[in-house]
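Below is one structure; the comments refer to it alone.
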Amino acid sequence: MKALEPLLDLLFPPHCPFCGAIQDHPGICPECSAKLPRAEGKDGLREGAGYGRCAFAVYYEGDVRESLLRFKFGGRASWANVYARELLVPAVVEHLSGAFDCLTWVPVSRRRLRRRGYDQAQLLAQAAGRIWETPPVQLLRKRRNNPAQSGLRDAAARRANVLGVYEAVDPGRIAGRRVLLMDDILTTGSTLAECCRVLRAAGAAEVVCAVVAGSRPRKEGKSDEN
């Protein structure tokens with residue numbers, strides 16, 4: 001497969017996931033990299049009720065939002081490698097280094113997996129795991145296909161929508177572990193909080209989280225994906 005990569009790059013050249021510019025190698029183009037709404041310093045680590053600490057690299061707005069929605073719903077699965085290498089992993093290294101010994105992800109339901117063809121959070125975890133040489137482990141399963149969080153604006157409704165939706169795959173693999181839980185987006189934190197609750201109930205010693213993008217400090221009535 002390695003021998004075919006130059007031909008594949010010629011036929012299907014990589015594009016910047018934010019502006020679409022053709023690249024000579026997969027990555028974020030210099031222009032987009034310079035203007036991304038980055039969460040600098042302590043702003044890239046959010047602490048919330050239920051999910052504890054969550055690291056993220058950029059704010060979920062503008063071109064970042066459009067890019068992640070294309071990644072999630074538009075078949076751009078290969079972008080997971082770029083997001084992980086250039087955004088997600090650096091954020092984890094900066095804010096959560098040494099805080100975990102196990103890597104997992106927020107899973108989608110089987111119905112959404114069939115429809116989409118991939119689990120975007122799993123792809124991010126796998127891409128990060130290749131960089132760290134630490135393969136992710138599936139610790140959570142989605143029990144049912146609940147309505148999308150993006151359709152719910154009320155924070156209480158979003159919490160209720162994910163309650164009881166996730167279950168531990170194998171509690172014996174969780175007990176005593178310090179888990180890094182990965183997803184793509186953080187807004188209200190309801191999904192992360194429920195997943196963290198399940199992992200802690202299964203015996204996790206600690207759970208920390210990481211996503212590519214997080215919302216800016218919320219204004220009332222404004223929310224999106226997770």
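The values are calculated or read from the model by the stated rules, or taken from the named source; none is laboratory data. As the structure is a prediction and not an experimental result, all values here were calculated from the model. A quick note on method: Cβ atoms are made from the backbone with ideal geometry, for glycine too, and the neighbour counts reach across all protein chains shown. Please note that ligands, DNA and RNA were not included when accessible areas were found on the heavy atoms of the full protein model with its side chains. Shrake-Rupley method; radii C 1.70, N 1.55, O 1.52, S 1.80 Å.
For the reader, a short list of remarks on this structure follows.
- Ranked packing of 72-83, 25-36, most packed first, by mean Cβ within 10 Å: 72-83, 25-36
- Inter-part distance, region 170-199 to region 99-117, computed on C-alpha centroids, equals 11 Å.
- Carbon and sulfur %, accessible surface of region 46-115 computed with the full protein complex present, 1.4 Å: 47
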